[in-house]
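The values are calculated or read from the model by the stated rules, or taken from the named source; none is laboratory data. None of these values were measured; they are calculated from a predicted model. Cβ placement follows ideal geometry from the backbone for every residue including glycine, while neighbour counts extend to all protein chains displayed.
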Amino acid sequence: MRLREIAEALGCQLEGDGELEITGLAPIEQAGPSELTFLANPKYSPKVKSTRAGAILVAEAVRGLPIASLVSSNPYLDFARALELFYQPPRPTPGISPLASLAPTAEIGEGASIGAFAVVGERVKIGRNTVLHPHAVIYEGATIGDDFYAHSHAVVREFCRIGNRVVLGNGVVVGGDGYGFAHRSDGSHYKIPQSGVTVIEDDVEIQSLTSVDRATIGESRVKRGAKIDSLVQIGHACVVGEDNIICSQVGLAGSTVLGRNVVLTGQVGVSGHLTIHDNAVVYAQSGIGGDVKEGSVVSGSPAFDAREWLRAVTAFQKLPDLVKTVRDLRKKVEHLESMNRGDSESHA
């Protein structure tokens, strides 16, 4: 594909040889003369001088180097769009495998592709253009919209509701039992029936081995456009807000509420029954034990303002030296006090 054709498709400004044939896309360190790369983070700009790429997606045209530029207001987004010009993941051909198991009361929309050993339970309703890869399982009474895509071993439990254009990665469980037990007087545990459901709204993607538990009563809900990484645990009765980004190994205890555009980076732990308000960002490995204000950027465990946390971490590394300094000063003070007492006694 010629570079000028890519520029036209993306709506980017072309600087350089538009007739250059582009065969694919590659990282800036690995790209070759027939490949397109991108620069979205300015801290990587020194690598442009050594790249072998034939062209680069950038916010400003590269000058003084033998490389063509596609100038974009959002290079990372346009890199993603350019990838679609060269690669589309394979999609199964519509049809239902004779090895799939569909309950007679299930309703499946047109254009579905259902693989071997997939199971669809009684009274399930699924919209058009569904893809269920082998071993995907939809329990009784679930309702799912159009363009649903479930990879192998994804599970949607009983009576859960899923919107349109939802993607579930391998091993995702939607609507597994919430972690609820009542203590008996003898110390044993009585399981609390998890009678609520999980609701996944439109345009949500949940990646591999993540669990979104059903509520004890009421519902757990993941709102429109949220993107949830692999190995995430979302407890019962949680609300994940619109366009949230939740990275790997995050854990939300029950009844956590996340506002719009919240970002939880890797390994954040949230204690539950609290609210992280709109546009908040929580840095990796933070522990959240209370509400987080709108627009806050927090870090640490317990988490507090990220700027203060950076100062505290810097000081923490110096604590051994600070402790030694304090001990030396204490010894000097005690020595001076001892000398002063001696002088006082001699004068007496």
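Structural remarks
- Criterion violated by Asp278 - all others in (1) in a helix (DSSP H, G or I); (2) at pLDDT 90 or above; (3) among the charged types (D, E, K, R) satisfied: (1)
- Any hit, the stretch 139-152, residues being farther than 23 Å from Ser220 by Cα, modelled with pLDDT of 95 or more and either part of a loop (DSSP other than H, G, I, E, B) or touching a helix residue (DSSP H, G or I) at 6+ places or on another chain (Cβ under 8 Å) (or both): yes
- Any pair with Cβ under 9 angstrom, 6 or more apart, that starts in the stretch 145-170 at a residue that is touching a residue at least 60 places away in the same chain (Cβ under 8 Å) and ends at one that is of a type in the set (A, V, I, L, M) and part of a loop (DSSP other than H, G, I, E, B): Gly163/Val204; Gly169/Ala154; Gly169/Leu209
- Among residues of the stretch 60-91 being at pLDDT below 95 and basic (Lys, Arg), the one that is farthest from Val131 (Cα to Cα) is Arg63.
- Between Leu264, Leu310, the distinction of being aliphatic (A, V, I, L, M), out of contact with any Gly (no Cβ under 9 Å at 6 or more places or on another chain) and closer than 16 Å to Val232 by Cβ belongs to Leu264 only.
- Some residue of the stretch 179-188 being under 13 Å from the mean Cα position of the chain (by Cα) and part of a strand (DSSP E or B): no
- Options Gly254, Gly241; residue that is buried (at least 18 other Cβ atoms within 10 Å of the Cβ) and over 14 Å from the mean Cα position of the chain (by Cα): Gly254
This table checks each residue for (1) loosely packed, with under 15 Cβ neighbours inside 10 Å; (2) over 26 Å from Val197 (Cβ atoms); (3) of a type in the set (Gly, Ala, Ser).
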| site | (1), (2), (3) |
| --- | --- |
| Leu258 | no, no, no |
| Gln267 | no, yes, no |
| Ser271 | no, no, yes |
| Ile288 | no, no, no |
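- Residue ID - surrounded by the fewest Cβ atoms within 10 Å (Cβ to Cβ), chosen from residues in the stretch 103-136 that are in contact with a Phe, Trp or Tyr (Cβ under 6 Å, 6 or more places away or on another chain) and part of a loop (DSSP other than H, G, I, E, B): Pro134
- Consider the stretch 223-238 and keep the residues that are among the aliphatic types (A, V, I, L, M) and under 13 Å from the mean Cα position of the chain (by Cα). The one that is surrounded by the most Cβ atoms within 10 Å (Cβ to Cβ) is Ile234.
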